[in-house]
Amino acid sequence: MLAMNKYRILGTAAFAIAASVVMTSCHDKRSTGWEYAPNMYEHIAYEGDQANPNFKNGQTAQVPPAGTTPVGFKRFDYPNTKDGYELAGTEVKNLLANTSKNIEDGKKLFTTFCSPCHGVTGQGDGLVVQHGYPAPPSYSKGQSSRGGAMKDLTDGKIYHTITYGVNSMGSYASQVSPEERWKIVMYVHQLQNL
C-alpha cells in the first residue's frame, strides 16, 4: 500500500510538471520566456545610431571635441606634404633607445614589411622588383625622389615616409605601430652604411 501511494504521488507530480510545460509553452509563440536579467535585454541607453533628445543635434553618436587624442594613439602632427616631410626631417627624432634588441626587432620588421620591395639589404632589389615592378632607390647609394641622397635621410624623413608612403610605396601606418616604425628607422640607418 505504501508503494502504491509512492507511485500515485510520483505520477501526479509528473503529470503536473508535464501539464505546466504544455500550458506555458502554448501561451505566446513570440515570447522568450522568463528573463533572468531584463536590463541586459531592455537597456535604457541609446544605441549609437538612434535619435537622442539629450543633444542639440539629436544624435547619440557625437564627434569628439577638437584637439582630443584617443587613448593609446600617438600624434604625428606633420602633414603629408613636401613641407611636412622637410619639417619632420629637421624636428622629429627617434626617442627609443638605440639598443641591439631594438635594432634586431627593426630588422625583423624590415624583413617582414619592407624587404619585398627594398630587398634584404636595402639595395632596392626585393622580390617585387624581380617581378617587373619599379625598384626603390638603394639606402646606401640611391637618390631620394624628394631630393638628396638616401644615405642622408634623417629619423623624421624615414618615419614620415613609413607613415604616409611616397610614390609607389603606400602608407604602413595601419600595419606598423609608431614604436615599430621607430625600430625600422633604426635598422634603416644600419642599411644606409652598407
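The values are calculated or read from the model by the stated rules, or taken from the named source; none is laboratory data. Predicted model only: the values in this text are computed from it and were never measured. Note: ideal-geometry Cβ built from the backbone for every residue, glycine included; neighbour counts use all protein chains shown.
Descriptive notes on the structure:
- Residues in the stretch 159-176 that are touching a residue at least 40 places away in the same chain (Cβ under 8 Å) and under 12 Å from the mean Cα position of the chain (by Cα) were compared, and the one that is nearest to Arg146 (Cα to Cα) is Tyr172.
- Of the residues making up the stretch 155-162, none is over 16 Å from Val92 (Cα atoms), modelled with pLDDT of 90 or more and either touching a Gly at 6+ places or on another chain (Cβ under 7 Å) or crowded, with 17+ Cβ neighbours inside 10 Å (or both).
- The single condition from (1) at pLDDT below 95; (2) β-branched (Val, Ile, Thr); (3) surrounded by 18 or more Cβ atoms within 10 Å (Cβ to Cβ) that Val185 fails is (1).
- Enumeration of residues in the stretch 163-177 that are within 21 Å of Phe73 (Cα to Cα) and either surrounded by 15 or more Cβ atoms within 10 Å (Cβ to Cβ) or of a type in the set (D, E, K, R) (or both): Thr163, Tyr164, Tyr172, Val176
- Among the residues listed as Gly58, Gly33, the single one being at pLDDT below 75 and on the phi > 0 side of the Ramachandran plot: Gly33
- Applying the criterion of being surrounded by fewer than 14 Cβ atoms within 10 Å (Cβ to Cβ) and of a type outside the set (A, V, I, L, M) to the residues of the stretch 122-140, the residue that is nearest to Lys93 (Cα to Cα) is Pro134.
- Where a residue in the stretch 126-148 is among the hydroxyl-bearing types (Ser, Thr, Tyr) and its partner, wherever it lies, is in a loop (DSSP other than H, G, I, E, B), with Cβ under 6 Å and at least six apart: Ser138/Gln123; Ser138/Gly124; Tyr139/Gly122; Ser140/Leu194; Ser145/Asn167
- A search for C-beta distances below 6 Å between a residue of the stretch 93-119 that is under 19 Å from Thr161 (Cα atoms) and without any contact (Cβ under 8 Å) to a residue 40 or more places away in the chain and any residue that is surrounded by 13 or more Cβ atoms within 10 Å (Cβ to Cβ) and of a type in the set (Asp, Glu), counting only pairs 6+ apart in sequence or on different chains, returns Gly119/Asp125.
- Scanning the stretch 164-194 for residues that are farther than 16 Å from His118 by Cα and assigned to a helix (DSSP H, G or I) yields Tyr164, Pro178, Glu179, Glu180, Trp182, Lys183.
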